[in-house]
Structures are given as C-alpha cells and as structure tokens.
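The next block holds one structure in the form of structure tokens; read it before the comments.
The values are calculated or read from the model by the stated rules, or taken from the named source; none is laboratory data. Given the structure is predicted, the values throughout are model-derived calculations rather than measurements. Backbone-built Cβ (ideal geometry, glycine too); neighbour counts: all protein chains shown. Keep in mind that these areas ignore ligands, DNA and RNA; they rest on the heavy atoms of the full protein, side chains included. Shrake-Rupley method; radii C 1.70, N 1.55, O 1.52, S 1.80 Å.
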Amino acid sequence: LMSNKRAALYVRVSTDAQTVENQIRELRQVAGRRGWDVVEVYSDAGISGAKSRNGRPGLDSMLKDAKRRKFDIVMAWAIDRLGRSLIDLLTMIQHLEACGIEKTRPPTMAAMPTMTPRMNRMPTPHSR
C-alpha cells in the first residue's frame, strides 16, 4: 500500500484563456485516494510545452526541488504537460530518476487514467 508519499503536482496550460485549476483539483483527488500528501504545486500558466526548462519557471523550480528531495513523486495531468519534445522529456525523466524521485510506471509519473501522450503520433519510418 503506497502512503505517506510527498507528491508534487506539475500543471501547465498553453494559453492565458485556459486554467490550471481543473488539473490541480483532479490531481489532488488522485493523490488523496492514494494516501499521498501534496506538498507543492508547480505551475506554468500560459506557457507552451515546446519551451525549454529555462522558459518555464514552474518546471525549473520543480526540477531544482527534486534535487533537494522536497517530494517523492511527481504527478502530472498528462505527459504532454511536462513537455512536447521527446528529448526534453527523456532528459527530465533521467534527472528525476537521478534525484531518486519515485515513479509508478512508465512514463515515470502517476498520471491520470485518461493520459493521451501526443508523442505516440510521431511518424514511423513506414509512414512516409
């Protein structure tokens, strides 16, 4: 039984017209059901997922706090909230693993059951 874990939430929306509140509410509910304590919410509102860590202060803070072991697990609404670039995502996952941040199953975060990563739409060599 997983409990007493310190969870960090990472939420992001691409435009100012969107809100992170729904993501936060849903993730808090999931954390509550799993017995995890939400210790921090990192947010990048109105920022594209195509931007690197330098252009996303919430993401940068989360990765710095991961190094300080301020939480045990990262939760995100969907994998594309963390980033659109596969290279950036892999680098981020390696960083979290190196910091000892726990993960449930690939793609290394406790994600919503409705997670639909857009990266699976990348063209294959056969789709040309």
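In the list Asp60, Asp72, which residue meets the criterion of being within 19 Å of Ala98 (Cβ to Cβ), open to solvent by 10 Å² or more (accessible area, probe 1.4 Å) and in contact with a helix residue (DSSP H, G or I) (Cβ under 9 Å, 6 or more places away or on another chain)?
Details: Asp72 fails: in contact with a helix residue (DSSP H, G or I) (Cβ under 9 Å, 6 or more places away or on another chain).
Within the list Asp60, Asp72, the selection yields Asp60.
Of everything in segment 28-52, what is touching a residue at least 12 places away in the same chain (Cβ under 8 Å) and more than 20 Å from Thr15 (Cβ to Cβ)? Give them in sequence order. Explain how you work it out, then say what you get.
Within segment 28-52, the first condition is being touching a residue at least 12 places away in the same chain (Cβ under 8 Å), and the residues that meet it are 28, 30-31, 34-50, 52.
Listed by number, the residues that qualify are Arg28, Val30, Ala31, Arg34, Gly35, Trp36, Asp37, Val38, Val39, Glu40.
Return the residues of segment 11-57 that are open to solvent by 30 Å² or more (accessible area, probe 1.4 Å) and closer than 11 Å to Leu82 by Cα; say none if nothing qualifies.
Ser43, Ser48, Ala50, Lys51, Ser52, Arg53
Being free of Cβ contacts under 8 Å to residues at least 40 places away in the same chain and under 23 Å from His95 (Cβ atoms): is that true of Gly58 here?
Values: free of Cβ contacts under 8 Å to residues at least 40 places away in the same chain: no; under 23 Å from His95 (Cβ atoms): yes.
Here the answer is no, as Gly58 does not meet what is asked.
Among the residues of segment 3-27, count how many are under 15 Å from Glu102 (Cα atoms) and in contact (Cβ under 8 Å) with a residue 40 or more places away in the chain. First the steps, then the outcome.
Step one: of segment 3-27, the residues under 15 Å from Glu102 (Cα atoms) are 3-10.
Among the residues that remain, those that are also in contact (Cβ under 8 Å) with a residue 40 or more places away in the chain are: 5-10.
Residues that pass the stated criteria total 6.
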